[in-house]
Every structure is written in structure tokens, then in C-alpha cells.
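Structure, as C-alpha cells:
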Amino acid sequence: MKAVQVVGYHTKLQLTEVPEPKIQGPLDVIVRIGGAGVCRTDLHILEGQWEDKSGVRLPYTIGHENAGWVHAVGDAVTNVAVGDKVILHPLITCGLCRACRFGDDVHCENSAFPGIDVDGGYAEYLRTTARSVVRIDDSLQPADVAALADAGLTAYHAVAKVATSTRPGDVCVVIGAGGLGHIGIQVLKAISAVTVVVVDRNPEAVDLAVRIGADRGIVADGTQVRQVLDLTGGHGAEAVVDFVGEGGTTREGVAMLRRAGNYYVVGYGENIDVATIDVISTEINFIGNLVGSYNDLQELMTLAAQGKVTLHTTTYPLESFQQALDDLDAGRVRGRAILVP
Ligand SMILES: [Zn+2]
Ligand SMILES: [Zn+2]
């Protein structure tokens with residue numbers, strides 16, 4: 001089959017012929033890829049940023065945002081059948097460790113990560129297991145939802161926590177109206193009754209955020225903290241979800257927070273610099289967010305099937321992987337780039 005592989009760092013990906021993956025264990029599932037999302041992480045992999053972290057042996061097939069059709073199943077697989085349309089949870093998990101038994105898939109002690117440390121989805125077929133496949137509604141196409149497997153799942157995981165810890169009318173500030181922010185806004189409007197206030201430096205992104213459901217848009221022009229305080233009677237917001245995490249957003253975001261408010265860190269890059277006396281005297285909380293669970297992904301697929309979360313995509317044939325990566329690197333992709341074998 002055709003597969004696009006990492007053959008070295010600081011060099012281009014290569015399209016090659018490799019053997020099709022075969023069922024090895026009783027719970028294995030082979031998926032015929034219908035769409036593989038092209039992610040900024042793929043660029044970082046080629047830059048060598050993951051070399052030590054993943055310890056993957058080269059060459060290997062890249063691509064960690066995958067959806068398609070079940071092609072073959074192991075003897076013990078009962079939850080999907082050949083032909084089913086599925087999206088893949090990004091991790092292959094063991095199901096037996098404490099984290100797995102809590103449903104906390106991303107902290108599995110024995111996980112593999114297709115596209116990062118084993119063969120991924122820039123290919124015609126991919127091997128995963130029964131624990132990682134989520135059946136999707138007939139109305140959805142794999143190429144339309146593939147990118148929700150990672151970017152969408154991460155946004156969902158964070159804002160679902162907001163939904164369970166807020167009351168109708170509470171204010172949630174969303175910092176960053178890019179790809180993840182857009183999904184976060186749609187999910188918040190679908191599953192909670194918070195007032196969603198979006199803050200972004202780009203006026204067009206703020207306009208788009210309001211069109212897809214944000215209650216208020218604020219262009220970050222230096223007055224954004226003041227504007228959020230004005231909107232909340234001087235108290236601040238019950239929740240701030242920071243999809244940026246650099247360029248000073250954490251300082252501003254914390255200043256937008258109400259006493260006992262929750263700060264959800266999703267984007268990353270800078271350090272959070274908050275005096276400990278301020279943390280105890282206001283009882284504010286900082287909450288990390290890493291991808292999401294299987295159940296999170298299943299819930300997100302429910303919202304997608306209901307038409308409440310949509311993702312703009314640009315598709316490329318698998319062979320045009322280099323064009324897709326170049327377009328992503330140059331900021332030319334509208335929405336998410338998806339490779340279709
Ligand atoms: Zn990704
Ligand atoms: Zn586990």
C-alpha cells in the first residue's frame with residue numbers, strides 16, 4: 001500500500017510502498033483511511049522536536065488524526081464490524097491500567113500513539129485496536145471529521161469541564177479564536193448555558209467567532225481585561241479557556257478571572273507567573289488539558305452528527321501531502337487540511 005513516511009529529521013516526507021498492516025492480536029482493528037488530518041505537530045515531528053520524546057524508529061508512517069472504514073477485525077472484536085465508519089481515538093490504550101479503568105485514556109501507562117511512535121494514518125490502512133474506534137453516524141464522512149480526532153477532541157475535553165463546573169449565565173472567556181477555539185465555542189454553546197466571550201487579536205477571527213455563536217467578541221487591543229471586567233460587573237469571568245498560552249495571554253487571562261474562577265490551560269509556550277498569595281486569597285484554580293478520552297470523542301461525534309459542531313476542511317489527495325504541509329506551514333489552509341488516500 002501507499003504510505004507517507006518520516007525517513008529522517010530536517011528532511012522531507014517520502015511516499016513509499018509498504019506492506020499492508022495485518023491483524024496481530026485478537027483485539028486489533030485495521031482501518032481503511034478515509035481522511036487523515038494534517039497537523040502542526042507533523043511539522044514539529046519533521047523539525048525533530050519529538051525525536052527524543054517518542055523514540056520512534058525511522059522510517060515510520062506519520063499522521064495522528066484519522067478516520068475511515070473498518071477493513072478487518074481480530075477474533076475478539078465485538079464493538080465494530082467490517083465496513084463500519086469510524087473515527088480513531090488518537091491513542092491505542094491497554095484497558096487494564098488504573099488510568100484506563102478510570103476512563104482516563106490519555107494517561108494510560110501502556111499506550112501507543114499512531115503517527116507519533118508507531119505507524120499512523122498518512123496511508124491507505126492503519127492498525128489500531130477495538131478500544132480506539134468510535135463508530136460515527138451515517139451522515140458523517142471520515143474526511144469531514146478526521147481532524148476532530150485530535151484538535152477537536154482537545155477543545156472538547158477542556159470546555160466539557162467548563163460545562164460541568166458552571167451555571168447558566170456564568171461567563172466563560174475563550175482566548176484564541178483559531179481552529180481549537182472555534183470548536184470550543186461551538187461545543188460550549190451546545191452543552192452549556194454560559195455566556196461565551198471570545199478574545200482574539202485578529203478582528204476577522206473575532207467576527208467569525210460571533211457568527212458561529214459566541215455571545216460577545218473582543219478584539220485584543222490592550223483593553224481586553226478592562227472590557228471583560230466591565231462585562232462582569234467588575235468581578236471577572238467564572239472560567240477562562242486559554243487556547244493560546246503565549247504572548248502574555250496568561251497574565252491577561254488570569255486578570256479576567258473571578259474569585260474562585262477556573263483557568264483552563266490548552267495552548268502552551270509561556271510560564272504562568274502568579275503570586276502564590278493571589279492563588280490562595282482568591283482560590284483560583286489552574287487546570288491542564290491533554291487531548292481527551294474515548295468518551296469525550298464519542299460525545300463530540302454526537303454533536304457532529306447533530307450538526308452542532310462543524311469543521312471547515314480542505315482536502316488533498318494523499319500524494320499531495322507535501323503541498324498540504326507547505327500550505328499549512330505558510331498559513332494558506334482554510335480550516336484544516338485533510339489527506340484522502
Ligand atoms: Zn494533531
Ligand atoms: Zn492503560
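The values are calculated or read from the model by the stated rules, or taken from the named source; none is laboratory data. Since we're looking at a predicted model, the values are computed, not measured. Cβ: placed from backbone, ideal geometry, glycine included. Neighbour counts: every protein chain shown. The protein model used for the area step is the full one, side chains on, heavy atoms only, and it has no ligands, DNA or RNA in it. Shrake-Rupley method; radii C 1.70, N 1.55, O 1.52, S 1.80 Å.
Applying the set (1) open to solvent by less than 40 Å² (accessible area, probe 1.4 Å); (2) among the small types (G, A, S); (3) more than 16 Å from the chain's Cα centre (by Cα) to A177 leaves exactly one unmet item: (3). Residue by residue through the stretch 118-129, note down the ones that are more than 12 Å from ligand 2 (Cβ to nearest atom) and either outside the structural domain of G8 (by the TED database) or surrounded by 19 or more Cβ atoms within 10 Å (Cβ to Cβ) (or both). Matches in the stretch 118-129: D119, G120, G121, Y122, A123, Y125, L126, R127, T128. Comparison of I284, I280 shows that the only residue that is open to solvent by 40 Å² or more (accessible area, probe 1.4 Å), farther than 20 Å from G115 by Cα and of a type in the set (A, V, I, L, M) is I280. Of everything listed in (1) touching a helix residue (DSSP H, G or I) at 6+ places or on another chain (Cβ under 9 Å); (2) not in a loop (DSSP other than H, G, I, E, B), the single unmet condition for R127 is (1).
Candidates in the stretch 95-109 are the residues that are farther than 16 Å from H157 by Cα and open to solvent by 40 Å² or more (accessible area, probe 1.4 Å); of these, the one that is nearest to ligand 1 (Cβ to nearest atom) is E109. Scoring A99 on the criteria (1) within 16 Å of ligand 2 (Cβ to nearest atom); (2) modelled with pLDDT under 95 leaves a single failure, condition (2). Quick one: in the stretch 42-94, of everything that is open to solvent by less than 60 Å² (accessible area, probe 1.4 Å) and part of a helix (DSSP H, G or I), which residue is nearest to ligand 1 (Cβ to nearest atom)? Applying the filter and picking the extreme gives D42.
This table checks each residue for (1) aliphatic (A, V, I, L, M); (2) closer than 23 Å to F102 by Cα.
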residue	(1), (2)
G248	no, no
N271	no, no
V279	yes, no
F286	no, yes
N289	no, yes
N295	no, yes
L300	yes, yes
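The residue of the stretch 307-332 that is surrounded by the most Cβ atoms within 10 Å (Cβ to Cβ), among those that are in contact (Cβ under 8 Å) with a residue 40 or more places away in the chain and in a loop (DSSP other than H, G, I, E, B), is V309.
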